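What follows draws every value from the coordinates through simple rules; no lab data is involved. No experiment lies behind these values; they were computed from the predicted model shown. With ideal geometry, Cβ positions are generated from the backbone for all residues, glycine too; neighbour counts draw on all protein chains shown.
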Amino acid sequence: MDNKNTTKISKYLSYILRHQPQSIGLTLDKKGWANIDELIAKTTDFSLSLSTIQYVVETNDKQRFALSENATKIRANQGHSLEIDLALTAQQPPAVLYHGTAKHFVVSIQEHGLKKQNRHHVHLSQHKDVANSVGARHGKPIIFKLRTAAMIQDGFIFYQSDNNVWLTDLVPAKYLQLVEEAQNGNL
Ligand code: HQG
């Protein structure tokens with residue numbers, strides 16, 4: 001399968017499994033799993049097969065999806081706007097975490113902190129280059145560095161998704177520091 005097709009199917013699966021399963025009449029269970037036979041049967045805009053799904057899951061650049069052990073079910077590892085329970089357990093985060101965003105959000109973030117917006121959590125990255133590309137999705141990228149140790153001391157809880165994205169409920173502005181040089185993509 002070529003890259004264009006793989007990306008198209010990955011975007012489709014993200015849309016269905018994170019946000020709008022009802023758009024094709026699909027129901028997810030409480031933990032976000034969809035039955036693969038049902039997903040295939042209800043995908044009518046193009047033809048989807050189990051082998052295609054397996055290929056996209058395995059090759060996905062961010063490991064966005066997981067298959068159940070017997071490959072009868074699929075779910076998104078994170079990024080949902082739907083109310084589902086990923087059963088995440090609290091984890092000790094690395095000493096430094098980053099959040100990539102766009103320059104036009106900075107003033108609001110510095111006033112209100114990082115909010116989860118439509119997703120379940122604020123998404124954080126361990127690596128600056130990843131944060132930079134996450135930010136670039138929204139405009140001119142800019143990176144905030146988190147004072148993770150201070151947050152832990154103050155009782156904030158962090159989770160890690162199955163595909164290694166760090167998550168937390170909110171980050172008040174006092175724990176955020178702008179990484180200025182990211183403005184030029186100079187990491
Ligand atoms: C911003 C992608 C103004 C926040 C990525 C972000 C990630 C505020 C945007 C995952 C704000 C929300 C998530 C405030 C936060 N005022 N703006 N107070 N608080 N924001 O897409 O973190 O490819 O929901 O900075 O790789 O960009 O989908 O979150 O810019 O892991 O798998 O509000 O999505 O992964 O945008 O990205 P998003 P995100 P996938």
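Quick look at the values:
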item	result
Entries of Lys115/Lys145; Lys8/Lys31; Lys103/Lys145; Lys31/Lys73; Lys11/Lys145 with Cα pairs more than 18 Å apart	Lys8/Lys31; Lys11/Lys145
Highest-MSF residue in the chain out of Asp45, Asp61, Asp85 [GNM, Cα springs under 10 Å]	Asp45
Assigned charges on the beta-carbon of Lys, Arg, Asp, Glu; region 1-157 dipole about Cα centre (debye)	540 debye
Three principal axis lengths of region 26-104 [C-alpha, angstrom, descending]	44, 29, 23
Kirkwood hydrodynamic radius (C-alpha pairs) into Stokes-Einstein, the chain, 10 °C and 1.306 mPa s, D in µm²/s	90 µm²/s
Max mean-square fluctuation residue, GNM over the chain, Cα-Cα springs under 10 Å, options Gly139, Gly32, Gly100	Gly139
Mean Cα-pair separation over length for the chain, i.e. relative contact order, pairs under 8 Å, 6 or more apart, %	20 percent
Enclosed volume per residue, in Å³, of the convex hull spanned by Cα atoms of region 83-187	101 Å³
Estimated FRET transfer efficiency (Asp154, Tyr12; beta-carbon r; R0 35 Å; 0.05)	0.30
Length released on extending from Gln92 to Asp61, taking residue separation times 0.36 nm less the Cα-Cα span	8.7 nm
Residues Phe156, Phe46, Phe65, sorted so that the one with the fewest Cβ neighbours within 10 Å comes first	Phe46, Phe156, Phe65
Computed [θ] at 222 nm, deg cm²/dmol, the chain (DSSP H ≥ 4; -39,500 (n - 2.57); rounded to nearest 500)	-7500 deg cm²/dmol
Extension gain (nm, one decimal) between Lys140 and Thr72, 0.36 nm per residue minus Cα-Cα	20.4 nm
Positive dipole terminus of the chain, leading residue within Gln126, Val56, Ser161 (C-beta point charges)	Gln126
Added length on full extension, which subtracts the Cα-Cα distance from 0.36 nm per residue, Phe105 to Ser23	26.5 nm
Residue with peak Gaussian network fluctuation, the chain [Cα springs, cutoff 10 Å], from Gln117, Gln160, Gln78	Gln117
